[in-house]
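Here's the structure, in structure tokens; my notes come after.
The values are calculated or read from the model by the stated rules, or taken from the named source; none is laboratory data. Small disclaimer: the values here were computed from a predicted structure and weren't measured. Backbone-built Cβ (ideal geometry, glycine too); neighbour counts: all protein chains shown. Protein only, heavy atoms only, side chains kept; ligands, DNA and RNA dropped before computing areas. Shrake-Rupley method; radii C 1.70, N 1.55, O 1.52, S 1.80 Å.
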Amino acid sequence: SFTTNNTKGSLCTSSSKYNAAYKYITSVACGSINNTSDWSKYSDFRDKSTDLAPGQTVQLEVKGRAQKGDYIKVWIDWNNDGSFDGADEFIGYASSKILNISLPSNTLVKPGAHVMRIILSNEDVSPCQTYTYGETEDYTLNVVRPDNSAALSIDCNELDLTKDDVNNS
């Protein structure tokens, strides 16, 4: 058993500047997350989470009140630095389709909670910016170990073991 925070540092900010219900996310379904919401510039739903184990895929479906040509973009903060700019952290565009999410194969991802950021906007935005129209919502994706796997983890990327042969005669 372990406890972790969603980020090592502070989470970067993202929100709409527009002060009315014009374009926004109406529902998010991903694993055990099934959330409907109303308009807001930013919504913190990090208390809503789903689990993801190595080798597993979860499907994300995002619906919104929007027009054609809008973007729905998804990021996951795999390294928990709060900026969503690490390798493999941009997951893709979720506009009008289901997006499959799995652990990246080229990035070290530690077990625990990771923020999933979803932005609906008429602009092709980055995850840490203020934009004109739309909404940002944050959720939590918990990376868990597979069933019946060893519970040991070593906090390093590389382990170098050497042995000195000493003749004690």
Restricting the range 39-65 to residues that are among the hydrophobic types (A, V, I, L, M, F, W, C) and out of contact with any Phe, Trp or Tyr (no Cβ under 8 Å at 6 or more places or on another chain), the one farthest from Ala29 (Cα to Cα) turns out to be Ala53
Those residues of the range 54-87 which are closer than 26 Å to Tyr133 by Cα, part of a loop (DSSP other than H, G, I, E, B) and open to solvent by 70 Å² or more (accessible area, probe 1.4 Å) amount to Gln67, Lys68, Asp85
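Per-residue answers, yes or no, for (1) at pLDDT 95 or above; (2) within 14 Å of Tyr139 (Cβ to Cβ):
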{"position": "Thr4", "(1), (2)": "no, no"}
{"position": "Cys12", "(1), (2)": "yes, no"}
{"position": "Asn34", "(1), (2)": "yes, yes"}
{"position": "Phe45", "(1), (2)": "yes, yes"}
{"position": "Thr50", "(1), (2)": "yes, yes"}
**Item:** Filter pass, Lys110 being at pLDDT 95 or above and charged (D, E, K, R)
**Value:** no
Within the range 98-125, the residues that are part of a loop (DSSP other than H, G, I, E, B), within 17 Å of Asn79 (Cβ to Cβ) and touching a residue at least 12 places away in the same chain (Cβ under 8 Å) are Ser102, Leu103, Pro104, Asn106, Thr107, Leu108, Val109, Lys110, Pro111
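Every residue, every condition in (1) within 30 Å of Ala20 (Cα to Cα); (2) modelled with pLDDT under 95; (3) touching a strand residue (DSSP E or B) at 6+ places or on another chain (Cβ under 6 Å), yes or no:
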| residue | (1), (2), (3) |
| --- | --- |
| Ile98 | yes, yes, yes |
| Tyr139 | yes, no, yes |
| Pro146 | no, yes, no |
| Asp155 | no, yes, no |
| Asp160 | no, yes, no |
Flagged in the range 88-97 as under 19 Å from Leu11 (Cα atoms), part of a loop (DSSP other than H, G, I, E, B) and open to solvent by 10 Å² or more (accessible area, probe 1.4 Å), in numbering order, are Asp88
